[in-house]
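What follows is calculated from the coordinates using simple rules that are stated; it is not laboratory data. Everything numeric in this text was worked out from a predicted model, so none of it was measured. In this analysis, Cβ positions are derived from the backbone assuming ideal geometry, glycine residues included, and neighbour counts consider all displayed protein chains.
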Ligand code: ARG
């Protein structure tokens with residue numbers, strides 16, 4: 001089913017069934033060996049004078065390693081795919097597939113990247129999924145753009161997906177997710193190029209609470225988000241851009257990993273009694289990604 005109104009989103013919320021794990025059983029990351037900014041496919045990748053940003057490789061490796069060890073300390077096993085030469089954005093492991101349970105197996109629906117520069121990343125993920133016992137699927141619509149967990153955000157434990165579209169993923173993909181795999185979809189149109197993936201402006205903390213960047217959405221989309229979640233935490237304009245603060249991630253509904261340069265969001269979460277772990281992702285912000293983008297959470 002695809003829901004198209006605030007009323008529909010409220011109805012979906014009231015009828016939602018929890019039939020899957022609320023906590024991911026694995027985190028997948030890509031090592032940053034070849035990470036750098038060597039082209040610009042989103043506005044974050046250039047500085048104010050228009051030059052590509054420069055990554056400090058040693059610092060990037062340290063930040064990535066710290067993030068990995070935070071997941072491990074929280075009890076989540078982390079699998080790593082090795083980064084590949086010529087694929088500088090492959091470290092953003094949220095984008096190359098959408099992974100879910102269906103008909104008794106774990107499926108990896110491969111992404112169809114919007115930009116040529118990122119297309120070959122998917123080959124490496126395909127290999128990982130094939131050798132790890134996942135059912136690998138491809139979209140029937142081979143022409144559609146689809147960037148995996150960057151745009152398709154699953155409400156933990158349910159079959160509800162908030163589906164971002166407009167920049168990197170086409171609306172039509174969600175009809176296929178609904179018809180072929182039984183997802184209930186709340187499609188969300190993106191309209192601000194700084195928030196080019198849904199995960200840059202919406203973080204589903206748990207089935208009751210979401211963090212949002214209000215000006216990333218059309219009014220109708222924002223209404224659907226507000227109708228589904230009981231608690232909405234808004235991110236300030238400043239933190240949403242400079243810290244990509246809405247790219248935070250909760251691995252268990254209660255602990256939230258937040259970019260450390262977003263003090264207002266950290267405070268807002270702590271006031272609501274979430275446990276916050278501040279994480280430094282400054283090197284990855286240079287390519288337009290942060291915590292949520294740096295991993296694929298497999299439920
Ligand atoms: N430079 C990458 C791109 O523009 C960053 C991807 C960040 N990932 C994410 N899930 N938002 O594609």
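Between residue 62 and residue 179, the simple label model (points 7 Å from Cα in the Cβ direction) yields a spacing of 5.2 nm.
Each listed q (0.17, 0.22, 0.23 Å⁻¹) maps to a log10 I(q)/I(0) for the stretch 9-68 from the Debye sum over equal C-alpha point scatterers, namely -0.75, -0.94, -0.99. Take every pair of alpha-carbon atoms less than 8 Å apart whose residues are at least six positions apart; their mean separation over the length of the stretch 75-191 yields a relative contact order of 21 percent. Considering only 204, 70, 266, the mean-square fluctuation computed in a Gaussian network model of the chain, springs between alpha carbons under 10 angstrom, is largest for 70.
Label positions at residue 46 and residue 103, each projected 7 Å from the Cα along the C-beta direction, are separated by 4.6 nm. Neighbour counts of C-beta atoms inside 10 Å place 79, 227, 15, 240 in the sequence 15, 79, 227, 240, starting with the fewest.
Taking every DSSP beta bridge that has both ends in the chain, the antiparallel portion is near 45%. With contributions of -39500 (n - 2.57) from each DSSP H run of at least four residues, the per-residue ellipticity at 222 nm computed over the chain stands at -7500 deg cm²/dmol. Taking the Cβ-Cβ separation of residue 238 and residue 136 as r and a Förster radius of 45 Å, what is the calculated FRET efficiency to the nearest 0.05? Efficiency computed from Cβ-Cβ geometry: 0.65.
Measuring nothing but how far apart in sequence close Cα pairs (under 8 Å, 6+ apart) lie, relative to its length, the chain scores a relative contact order of 24 percent. Looking at the chain as a GNM with Cα springs under 10 Å, which of 102, 128, 249 has the largest mean-square fluctuation? Highest fluctuation of the listed residues: 102.
Relative to the globular-protein estimate of 2.2 N^0.38 Å, the Cα radius of gyration of the stretch 58-196 stands at 1.07.
With a Förster radius of 22 Å applied to the C-beta separation of residue 79 and residue 230, the computed FRET efficiency comes to 0.05. Annotation: the antiparallel percentage among DSSP beta bridges lying fully within the stretch 169-256 is about 55. Taking 63, 138, 189 in turn, the Gaussian network model of the chain (Cα-Cα springs below 10 Å) assigns the largest fluctuation to 138.
Using the Stokes-Einstein relation with a Kirkwood hydrodynamic radius computed over Cα pairs, the translational diffusion coefficient of the chain at 10 °C and a viscosity of 1.306 mPa s comes to 84 µm²/s. The orientation-averaged projection of the convex hull spanning the C-alpha atoms of the stretch 156-299 amounts to 8.0 square nanometres. The Rg/Rh ratio of the stretch 214-256, with Rg taken over Cα atoms and Rh as the Kirkwood radius over Cα pairs, comes to 0.99.
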